[in-house]
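Working notes for the structure below.
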Amino acid sequence: MSKPSYSKGLVGVIAGESAICTVGTGQGLNYRGYNVNDLAEHSTFEEVSHLLLYGHLPNKRQLEQYIRRLANFRQLSTAMRAVLEQLPGSSHPMDIMRTAASVMGSFEPEDENPNNEKQRNNQWECGDRLIAIFGPALLYWYQYHKNGTKIETRTGPNDTVAQNFVKLLLQTDNPDPNMVRAVDVSLILYAEHDFAASTFGAIVTTSTLSDVYSSVCTAIGTLRGPLHGGANEAAYRLISQFKTPDEAEQGLLKLLKEKKIVMGFGHRVYRKGDPRSPIVRDWARKLSEIINTPYAKNLYAVAERMEQVMMREKKMFTNLDFYASIVYHFCHIPTDFFTPVFVIARTSGWVSHIIEQRQDNKLMRPISIYTGPDPAKTPYVPIDKRLERSKL
């Protein structure tokens, strides 16, 4: 019998319907119909989060209320602070994010509705609380273990997620507005991307009728991998290896000759360029000019040369992660915080898909093509007759 065909990595497999996002369908990247370029230019992350979670862009009054709502959720509970203080300072920041979600799920669980599996009474609030708490939790842990400081995580009542994050990170009440806006735009660009690996992971967990927090923990674990969320960290570590554009060109040519993966280039879905990349590239260039130091200008020049070489040699374009890593570095965000910032943004998309999955749920249960021993030729061997064997 011929071996059944399948799609390795589920490439091209349609796993469901969604009204949330279009990716690479000829219409670019759109959130609920709105083009990401327009959102990045004219909106804030709070507007985009509201759009994804609640289905529409807020008006001015709704936006003001939503910003204050998120601000009110930033106060860490005594239990959360105690857990963050007990976690080792050497922990991976993504472990902090996953733990924060678990703590929230334990002390402020989702309100189950036994009469309606399609909707839980406070599923939207759970999403808002996670979006609001992730940055403060990460930075409370960071400042406590780095400086021995127990910081107040609520800043101004009208502060955006980006403002709050930069203020807590840099411990200043007056952060550079350009840095705040750059972070804000990055959150918009990272907020949603259809059935990406982490989102699909959250959907699989949701399909079992699990709670929001469990689904988000699944997503965080998936995002941690270097082929998904960790790609921005890997991209910066690659870029920062090179001291000059010429050195970067020679280094890239060597990597290509050795057939090594070059992080920050290409995309699983996009074939003609990542529509988010030009937006974040402009911000990387703008920040390099604002900072206006030889180091900043050279770092941007190195990244730019790498982009040129990859396009010339492999016809590969940069993805969002490549220049986002430069933007985050210019905003003084530690490299191992790049993916946690991704978490803050993508939580809006994850919870939107969790809510959507519940509306027409079907347990995810694919099948595999078995490639193991033939059961007909594999008789059971009693323990006293089994030979010592090496590991597989």
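Bear in mind these aren't lab numbers, they're just calculated from the coordinates by the rules spelled out. Bear in mind that the values here come from a model prediction, so they are computed numbers and not experimental data. Backbone-built Cβ (ideal geometry, glycine too); neighbour counts: all protein chains shown.
P(r) for the range 1-100, from all Cα pairs and a bin width of 5 Å, is 2, 9, 13, 11, 11, 13, 14, 12, 8, 3, 2, 1, 0 %, short bins first.
Scanning residues 5 or more positions from Cys21 or on other chains, those with amide H under 5 Å from its amide H are Arg32, with H placed 1.01 Å from N in the peptide plane.
Cβ-Cβ distance of Gln250 and Leu170, R₀ of 35 Å, FRET efficiency by 1/(1 + (r/R0)^6): the value works out to about 0.45. Each of Pro58, Ile344, Val180 was placed along the dipole of the chain (beta-carbon charges, centred on the mean Cα), and the one lying farthest toward the positive end is Ile344.
Computed from the Kirkwood radius of its Cα pairs, the Stokes-Einstein diffusion coefficient for the range 232-330 at 4 °C and 1.567 mPa s stands at 97 µm²/s.
With both labels modelled 7 Å from their Cα along Cα-to-Cβ, the Leu87 to Ser210 distance reads 1.8 nm.
With coordinates expressed along the principal axes, the C-alpha atoms belonging to the range 36-184 extend over 45, 42, 24 Å, beginning with the largest. The charge dipole of the range 243-343, taken about the Cα centre with unit charges on the Cβ atoms of Lys, Arg (+1) and Asp, Glu (-1), comes to about 420 debye, rounded to the nearest 20.
Multiplying the residue separation of Asn178 and Glu152 by 0.36 nm and removing their Cα-Cα distance gives an extension gain of 7.0 nm.
Which length gain, in nm to one decimal place, applies between Lys362 and Asn122 when the Cα-Cα distance is subtracted from 0.36 nm times their residue separation?
Full extension from Lys362 to Asn122 adds 84.3 nm.
Using C-alpha pairs under 8 Å with a sequence gap of at least 6, the mean separation divided by the residue count of the range 232-330 gives a relative contact order of 45 percent. Across all directions, the shadow cast by the convex hull of the chain built on its C-alpha atoms averages 25.4 square nanometres.
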